[in-house]
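J.: Dropping the structure in here first, questions after.
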Amino acid sequence: MPIAFDNSYARDLTGAYVSVAPQGWPDPQLVLLNTAWAEHLGLDAADLQTAEGVAMLSGHAAPKAAQPIAQAYAGHQFGGFSPQLGDGRAYLLGEIVAPDGLRHDLHLKGSGRTPFARGGDGRAVLGPVLREYLVSEAMAALGIPTTRALAACTTGDRVLRQHGLEPGAVLARTAASHLRVGTLQFFAARGQTDMVARVADYAMARHDPDLVGQDGRYLAFLTRVGARHAQLVAQWMGVGFVHGVMNTDNCTLSGETIDYGPCAFMERYDPATVFSSIDHGGRYAYGNQPGILLWNMSRLAETLLPLIDPDQERAITLATDAVEAMQEQYRAEWLAVFARKLGFEGGCDAALVEDMQTLWQGQGVDFTSFFQALPDAVMGDEATLAALFTDPSGLPDWLARLRIGLGNPDIAAQRMRAVNPVYIPRNHLVEHALDAASEHGDMDPFLSLLQHVQQPFTKRAGSEAFAGPAPVDAPTVVTFCGT
């Protein structure tokens with residue numbers, strides 16, 4: 001199948017990857033194809049469903065124009081630095097330049113062992129592959145920058161995981177790039193400043209082309225990446241998304257969300273919400289994500305110090321000022337996100353948002369349901385909103401303050417409904433859909449859930465089960481790094 005792959009990463013960054021070859025699978029089969037996204041990329045969906053197309057998407061065989069490589073990177077994982085990580089169970093197949101001129105990596109996850117595998121088997125199983133497909137598509141529909149799922153394939157083998165033998169699978173995903181903070185850390189840790197510069201310049205060429213060749217570009221690049229992540233994390237907070245593994249190797253230079261392993265959407269509001277099976281200390285809890293954003297940007301700044309200014313004391317001062325400015329930028333982005341959710345056309349008083357979150361604390365309030373019930377409450381029907389609280393006694397005063405700021409309640413309610421999702425990947429629905437697919441080969445629950453989260457703002461008659469939270473006695477969801 002003729003795909004005009006370009007391979008600029010392999011061409012321009014020799015020394016930043018190792019070449020790999022497809023390992024082949026017993027019986028690769030296509031499970032899901034994102035036909036709309038394929039068409040956006042300029043790919044022929046029919047071609048992708050042929051034996052040759054499935055072989056490519058599953059990592060069974062690579063087209064001649066592709067140049068499969070495993071990218072090198074390091075990273076701070078839960079605060080501890082690992083100088084060599086890299087694509088241990090994935091590889092970059094090549095790059096596609098879409099009809100709109102934008103470049104996208106085509107990356108295969110779960111495609112087998114590479115030299116970076118560190119003892120792992122290099123494989124993935126169907127449940128986590130489908131989780132990433134589902135959640136990344138939900139994020140895209142919510143307007144949040146993210147990698148995109150192109151296809152999910154099974155491999156025909158069985159892989160041993162925590163629940164026993166499970167169907168092997170591969171996720172084909174695309175991204176503006178797979179460059180990470182950890183990519184720069186890999187070379188900075190080795191004192192290879194020339195490679196740090198090459199990677200940073202390559203990243204600018206892809207994501208900030210106006211900075212290419214400019215004086216002061218490395219400090220400007222730090223500021224640009226920080227701005228993207230300030231906006232990204234504010235958007236996560238606005239939908240209750242908990243990434244779960246905000247390691248520097250999962251922190252993209254493009255500002256896209258990447259790697260949906262231990263992730264989920266918070267339902268009952270609690271800043272300490274954690275979903276990862278290994279985050280015992282709550283480092284990456286919902287409420288800690290803004291702080292981790294700044295921590296990760298500080299690590300990025302460290303890699304760029306030799307390039308920011310020859311005088312390292314001055315470089316430290318400049319970088320410190322840039323990172324500190326990101327804190328204010330995040331605060332502004334966070335306030336803008338919640339102002340829109342509350343129905344304001346412009347900004348709103350931060351105290352109104354903070355007092356809202358104080359009202360939620362310890363009340364068991366469902367995050368998404370609160371914003372769904374808010375339009376009716378603003379227009380005078382407070383019953384549904386009040387029912388979300390264990391003790392709603394503080395709610396009337398807060399609503400009165402909100403109404404004063406909003407002005408026309410009908411217009412404000414319309415604004416709220418336009419930006420607050422009806423449907424998110426509810427954890428109990430996700431678990432049911434993944435179990436049905438993995439254990440019983442039944443894709444219907446998954447496909448139904450996928451349809452809802454791909455149109456998150458459109459309320460459907462008869463779909464109440466997709467909008468409501470899990471029962472109070474439902475087990476706590478724990479997620480794993482399964483892909």
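J.: How many residues does the stretch 188-204 contain that are without any contact (Cβ under 8 Å) to a residue 24 or more places away in the chain and either on the phi < 0 side of the Ramachandran plot or in contact with a strand residue (DSSP E or B) (Cβ under 7 Å, 6 or more places away or on another chain) (or both)?
T.: Narrowing the stretch 188-204 to residues without any contact (Cβ under 8 Å) to a residue 24 or more places away in the chain: 191-192, 194, 201, 204.
Subset that is either on the phi < 0 side of the Ramachandran plot or in contact with a strand residue (DSSP E or B) (Cβ under 7 Å, 6 or more places away or on another chain) (or both): 192, 194, 201, 204.
The qualifying residues number 4.
J.: Could you list, ordered by first residue, the pairs with Cβ atoms under 6 Å in which the first is in the stretch 39-58 and open to solvent by 20 Å² or more (accessible area, probe 1.4 Å) and the second is part of a helix (DSSP H, G or I), at least 6 apart or interchain?
T.: Hits for this filter: Asp47/Gly53.
J.: Further, regarding this structure: Consider the stretch 444-471. How many of its residues are open to solvent by 40 Å² or more (accessible area, probe 1.4 Å), part of a loop (DSSP other than H, G, I, E, B) and either among the charged types (D, E, K, R) or in contact (Cβ under 8 Å) with a residue 60 or more places away in the chain (or both)?
T.: Matching residues across the stretch 444-471 total 5.
J.: Could I ask something else about it? Answer yes if at least one residue in the stretch 127-144 is open to solvent by less than 20 Å² (accessible area, probe 1.4 Å), assigned to a loop (DSSP other than H, G, I, E, B), within 15 Å of Pro425 (Cα to Cα) and modelled with pLDDT of 95 or more, and no otherwise.
T.: Yes, the conditions are met somewhere in the stretch 127-144.
J.: If you don't mind, another one. May I ask you to verify whether Tyr17 is modelled with pLDDT of 95 or more, open to solvent by 20 Å² or more (accessible area, probe 1.4 Å), within 28 Å of Ala301 (Cβ to Cβ) and among the aromatic types (Phe, Trp, Tyr)?
T.: So Tyr17 fits the description; yes.
J.: A follow-up question, please. Restricting attention to the stretch 370-405, which residues are surrounded by fewer than 17 Cβ atoms within 10 Å (Cβ to Cβ) and in contact (Cβ under 8 Å) with a residue 60 or more places away in the chain?
T.: Once the filter is applied, which keeps residues that are surrounded by fewer than 17 Cβ atoms within 10 Å (Cβ to Cβ) and in contact (Cβ under 8 Å) with a residue 60 or more places away in the chain, the stretch 370-405 yields only Gly405.
J.: Residues of the stretch 157-216 being of a type in the set (Gly, Ala, Ser), assigned to a strand (DSSP E or B) and open to solvent by 20 Å² or more (accessible area, probe 1.4 Å), which ones?
T.: Answer for the stretch 157-216, where residues must be of a type in the set (Gly, Ala, Ser), assigned to a strand (DSSP E or B) and open to solvent by 20 Å² or more (accessible area, probe 1.4 Å): just Gly164.
J.: Now, a different point. Output the number of residues of the stretch 416-443 satisfying the condition of being touching a residue at least 60 places away in the same chain (Cβ under 8 Å) and assigned to a helix (DSSP H, G or I).
T.: So the answer is 9.
J.: Those residues that are surrounded by 14 or more Cβ atoms within 10 Å (Cβ to Cβ) and part of a helix (DSSP H, G or I), I need them from the stretch 358-369; list them, please.
T.: Answer for the stretch 358-369, where residues must be surrounded by 14 or more Cβ atoms within 10 Å (Cβ to Cβ) and part of a helix (DSSP H, G or I): Leu359, Trp360, Phe367, Thr368, Ser369.
The values are calculated or read from the model by the stated rules, or taken from the named source; none is laboratory data. Please read all numbers here as calculations on a predicted model, not as lab measurements. Glycine also receives a Cβ, built like all others from the backbone with ideal geometry; neighbour counts cover every protein chain displayed. SASA here: full protein model, heavy atoms, side chains in, ligands and nucleic acids out. Shrake-Rupley method; radii C 1.70, N 1.55, O 1.52, S 1.80 Å.
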